[in-house]
1. For the chain, with the dipole built from +1 on Lys and Arg beta-carbon atoms and -1 on Asp and Glu ones, taken about the Cα centre, which of Gln243, Pro69, Gly152 lies farthest toward the positive end?
2. Using the alpha-carbon atoms, what tilt in degrees (0 to 90, nearest 10) does helix 5-16 show relative to the longest principal axis of the chain?
3. Which of Ala80, Ala112, Ala224 ends up with the largest GNM mean-square fluctuation for the chain, with Cα atoms connected below 10 Å?
4. With +1 on each Lys and Arg Cβ and -1 on each Asp and Glu Cβ, how big is the dipole of the chain about its Cα centre, in debye rounded to the nearest 20?
5. Given Cβ point charges of +1 (Lys, Arg) and -1 (Asp, Glu) and nothing else, what value in debye, to the nearest 20, does the dipole of region 107-178 about its Cα centre take?
6. Taking the Cβ of Pro97 as the centre, find all other residues whose Cβ is under 9 Å away and add up their charges (Lys, Arg: +1; Asp, Glu: -1).
7. Which order results if Ser185, Ser36 are arranged by neighbouring Cβ count within 10 Å, fewest first?
8. What list of ³J(HN,Hα) couplings, whole Hz, do you get for region 227-240 from phi and the Karplus terms 6.51, -1.76, 1.60, once you set θ to phi - 60° and write x for glycine and proline?
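Only the coordinates and a few stated rules stand behind these numbers; no lab work does. Keep in mind that this is a model prediction, so the values were computed, not measured. Don't worry about glycine lacking a Cβ; one is built from the backbone with ideal geometry, like all the others, and counts go over all protein chains shown.
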Amino acid sequence: MRLNPSIGLCALALALLPLAVVGCNLDTRALLQNYSGNGEFEEVDVRDLDLNETPPTIDGGTYVGTLGPSDIGAGEYSGATFTITGTGERICIIVDPQSVWRDDTRMDSTGAEIPNPDMLDFPHDDGDLDLLAGLASYYTGTPGEVIGDFLGNFPDSNGVERAIDLNQCLQEDYHGQVGGTAGRSTPEACSFETLDGVAYRVVLQVFSVPMDDNELKYAIEVRAGECPVTIDECELRGDFDEQEPGVLPRGYTDVESLYCDQP
């Protein structure tokens, strides 16, 4: 019979320290991104950006927002949605989640990524958003209430139910396979043709939030036309937290500027 390792550690501690009061904390709630630390869990944060005074629009500039943690264990996701009207032309959607994937690198004047000797990598201020988009009529969620997707079913000619994914925001993974998503603190983008006058829903689904404050900042843009060939951390700006003076080197107060703007 194999003993649970954590039980064995507690027994060993009690045997070695018989006069001390030893407690073994086996509470795994701290590993959950929606655990607040005071014995409570944060509710999922679902936002309908269409209700804002200035929601994201095609060629409307960069929109910067914040979102709270998801309850992954319950299958409930935080996130945001907004609606755009098709123009009959191709559009590009870009989202950049907080903050910089590698704080110990920076962009040089040619756009190449080089080591940054002034910084160590600090992943605790990074988060991850997944980007979806499709016809609003195919969206399975409820704006402002429940984050959904564009998965559906249809009966084939034999009456057998078949699954279909109607997400039009198709991205390639590291190996060039369609259907991938970017990882921690890495921009995601997609481009697709739209139907004139038809409503499309853009969905931001929170996969993880920064560990330092449980709040995820993001920057998003919708542009007319194709996406840029290369999209890096500096394409969109604003997905960062301000730091106290002296925390970052060279007088910078945010890691995005430290990454993008160093001479």
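1. Gly152
2. The helix 5-16 is inclined about 20 degrees to the chain.
3. Highest fluctuation among the options: Ala112.
4. Details: 13 positive and 48 negative charges, 154 e Å.
Here the chain has a charge dipole of around 740 debye.
5. Values: 1 positive and 15 negative charges, 102 e Å.
For region 107-178, the charge dipole is close to 500 debye.
6. Working: positive: Arg184, Lys217; negative: Asp96, Asp126, Asp128, Glu188, Asp239.
Neighbourhood net charge equals -3.
7. Working: Ser185 25, Ser36 12.
Final ranking by Cβ density, sparse to dense: Ser36, Ser185.
8. After applying 6.51 cos²θ - 1.76 cosθ + 1.60, I find 7, x, 4, 10, 10, 10, 4, 8, 5, 10, 10, x, 8, 8 Hz.
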